[in-house]
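First the structure, in the form of structure tokens, and then the observations on it.
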Amino acid sequence: MSLSKRLTLHFVLHFILMLCFILLFILGSFFFLSYFILESEMKSDFARVSEEYLDLAITIKNGKAVINKSIKESIQKKGGWLQVVDSKGYVIGEYNTPKELPKRYSFTDILSMDLNNFRIHYWILEKENSSEVTIIHGEPLKSKQILNTLLRSNSFPNINTDFKEYLVKNDAWIQIYDASGNVVYSYHAPPNLKFTYTEILSMKKRPWNSKVDISSYYFKEKDLIFLVGTYNPYYSPDHITDSIISASFLKSFLIVFGTLIVFAIIISIWYGKKFGKPLLYMMKWINNMSKGNFMEPKDKKGRVPILNKKGSLHKRYKIFKEVVDSLYTLSKTLQQNEENQRRMEKTREEWITGLSHDLKTPLSSLYGFSALLASNQYQWSSEEIMEMGRIMKEKAVYMSELIEDLNLTYRLKNNALPINKEKTDIVSLIKEFLSTFSTTTEAKDKEIYFESAQDTIFLEIDLKWFMRILDNILTNAVKYNKPGTKIKVKVESNHQRTIISIEDNGIGMDEETVKNLFNRYYRGGNTQDNDSGSGLGMAIAHQLVVAHGGEIVVESQKHVGTIIKVVFYHKNDV
């Protein structure tokens, strides 16, 4: 696949993702639209309002129900009323309620509630902590003909023959329930018909969903519920309306979704072409940099396409300003790295030349003395032979140490040097080391002293390589400083780390020397000045400290002195 096609595909996928966000926004819009539809339905016929809308419109705060303005307007418009009852039967909110209604309901009160001039509707809402509240709504009803006929008859509560005939004539039936919900009397009702109180409440709540229209009366003297039922002329179940709404909604959704897909594809193709050219240019620039050409690409006329005639960034590329700036920064960095690499190679060659000189000098001595000893032209005395042997040994030891340093630094570089740590008191160890080191030839003319606020400091170290770290740093300090220089070795420790500071008031170092102090290919001194240096001592010290999980910090100022801090972190603290 070509680069332009890959970029086009990238933007197509990108805008498909954007489309998902758009769809989420549309879905959110549908939720708001649904809320307004439910509110409109409520305003037109409060009896058909959904529990979802009531759950949003009626909130419970500090044990009191808060009814929103739209509900109040809808109820007031039709002359109805509303009560909110908690699970214990207490009224916690009401609006336009008749004075005769109670402030607390019992089980029988709820089921016996029936006003001559109102049809009663109920909604059961589940609020916080799974508590239930009951919404009671009364709406004006001109007649409850069948039930009121029974209540007006002289035979009530008995069911006489005239009322039975009246029930049959009107295709109605009657049932009587006791306080336990059992049917104690039934006439003209379907066989085995028995309602629970939740079924009765449900039919009263949504009468349009029931094939029968029921009305009830509570006979307090005997704690009975009279239930009259008849054919419901307003039967219009929700599922029919819902199916029509769902089909229309699905059709509209598919049209919108398809339109958005087409729109997204068109926009994606447009964006692919709009951004493809700048991206291709930047990709070409990156490709050129990978081949060592760090300059920005030019067109056939020798111009830089990303710049306008004024030399500023072209309008088309301004959206990629950060990317272009990063490419310029990367180009500059790569050029600097190439320069650094050339400088490093030069330094390495100079180091190898100096090292060759360091090896050549002792080899010349070995060759010269061996030639003299092999000659029979002169009879050497035993003292002369011993002196030549001593010099040859020194040169051989020097060469061996130089080769060992080379081997060690490469083993450290490749993490091939085992570090065997053991818990050691470094205070006594450093004191013992300094007492020996101070007697060496180079250290005799320096003032070396030790300082520690603690008598013992234990540290997990490899004894051999720890001593090598101290020896290399102190050797460097005494080697390049003048006689009389004061060198202080200070040890301090806390629960996080232990710091060994080597401080001197010697000649100090410039910034370049400090920067390259631990570089294997850098030697601050000159091999011609002193043939005992390989330029590896500080590099080895640094690598050994790192191998111990520590670090070295160097502070130095010309003609003032140098402070080298060796920091060892304790376990689980870094």
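Every read-out reported here was derived from the displayed coordinates using simple, explicitly stated rules and does not represent laboratory data. The shown structure was predicted, so the numbers you read here are calculated from the model rather than taken from an experiment. Counting neighbours? That spans all protein chains shown, and the Cβs are built from the backbone with ideal geometry, glycine included.
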Next on the checklist: Counting only helical runs of four or more DSSP H residues, what would the 222 nm mean residue ellipticity of the chain come to if each run contributes -39,500 (n - 2.57) and the total is spread over all its residues?
Outcome noted: -16500 deg cm²/dmol
Checklist entry - Using modelled amide H (1.01 Å from N, peptide plane; none on Pro or chain starts), what sits under 5 Å from the amide H of residue 213, excluding residues fewer than 5 places away? => result 230, 231, 232
Checklist entry - Cα gyration tensor of the chain, axes a ≥ b ≥ c as square roots of the eigenvalues: rounded (a/c below 1.5), prolate (a/b > b/c) or oblate? => result prolate
Checklist entry - Looking at the square roots a ≥ b ≥ c of the eigenvalues of the Cα gyration tensor of the range 380-424, which shape do they give, rounded for a/c under 1.5, prolate if a/b is larger than b/c, or oblate? => result oblate
Next on the checklist: Using the basic label-point model (7 angstrom from Cα toward the beta carbon), what is the residue 291 to residue 208 distance in nanometres?
Outcome noted: 7.6 nm
Checklist outcome for this item: Label model pair residue 360, residue 312: point-to-point distance (7 angstrom along the Cα→beta-carbon line) in nm is 6.1 nm
Next on the checklist: If R₀ is 56 angstrom, what is the calculated FRET efficiency for the pair residue 372 and residue 546, using the beta carbon separation as r and rounding to 0.05?
Outcome noted: 0.75
Item to check | Full-stretch length increase - residue 352, residue 284 - with 0.36 nm per residue and alpha-carbon distance subtracted | outcome: 20.5 nm
Checklist outcome for this item: Amide H proximity to residue 81 below 5 Å, modelled H, separation 5+ or other chain, gives 138
Item to check | Whichever lysines have a C-alpha closer than 29 Å to that of residue 169, once near sequence neighbours (fewer than 8 apart) are set aside | outcome: 142, 144, 194, 204, 205, 211, 220, 222
Checklist entry - Can you give the extra length, in nm with one decimal, that the chain gains between residue 95 and residue 277 once fully stretched, where that is 0.36 nm per residue apart less the Cα-Cα distance? => result 58.8 nm
Item to check | Rough spin-label spacing in nm, given labels placed 7 Å along Cα→Cβ, for residue 223 and residue 419 | outcome: 8.7 nm
Checklist outcome for this item: Rounded to the nearest 0.05, FRET efficiency between residue 149 and residue 185 (Cβ-Cβ, R0 30 Å) equals 0.95
Checklist entry - Once fully extended, how much extra length lies between residue 519 and residue 336, figured as 0.36 nm per residue of separation less the alpha-carbon to alpha-carbon distance? => result 64.1 nm
Next on the checklist: As an exercise, use a Förster radius of 30 Å and the Cβ-Cβ distance of residue 103 and residue 72 to find the FRET efficiency, rounded to the nearest 0.05.
Outcome noted: 0.95
Checklist outcome for this item: HN-Hα couplings for the range 270-287 via Karplus (6.51, -1.76, 1.60; θ = phi - 60°), in whole Hz with x for Gly/Pro, come out as 5, 5, x, 6, 5, 9, x, 4, x, 5, 4, 4, 5, 5, 5, 4, 5, 5
Checklist entry - Amide H to amide H, which residues 5 or more places from residue 485 or on other chains are under 5 Å from it, using H placed in the peptide plane? => result 447
Checklist outcome for this item: So for the range 46-140, using the alpha carbon gyration tensor with a ≥ b ≥ c as root eigenvalues (a/c under 1.5 gives rounded; past that, a/b versus b/c decides prolate or oblate), I'd call it oblate
Item to check | Per-residue HN-Hα couplings for the range 359-375 [Karplus 6.51, -1.76, 1.60; θ = phi - 60°; Hz; x = Gly/Pro] | outcome: 7, 5, 4, x, 5, 4, 5, 4, 5, x, 5, 5, 5, 5, 5, 6, 6
Checklist entry - Using the alpha-carbon atoms, what tilt in degrees (0 to 90, nearest 10) does helix 3-44 show relative to the longest principal axis of the chain? => result 30 degrees
Checklist entry - From the cross-link list 431/488; 431/565; 393/479, which pairs have alpha carbons spaced over 19 Å apart? => result 393/479
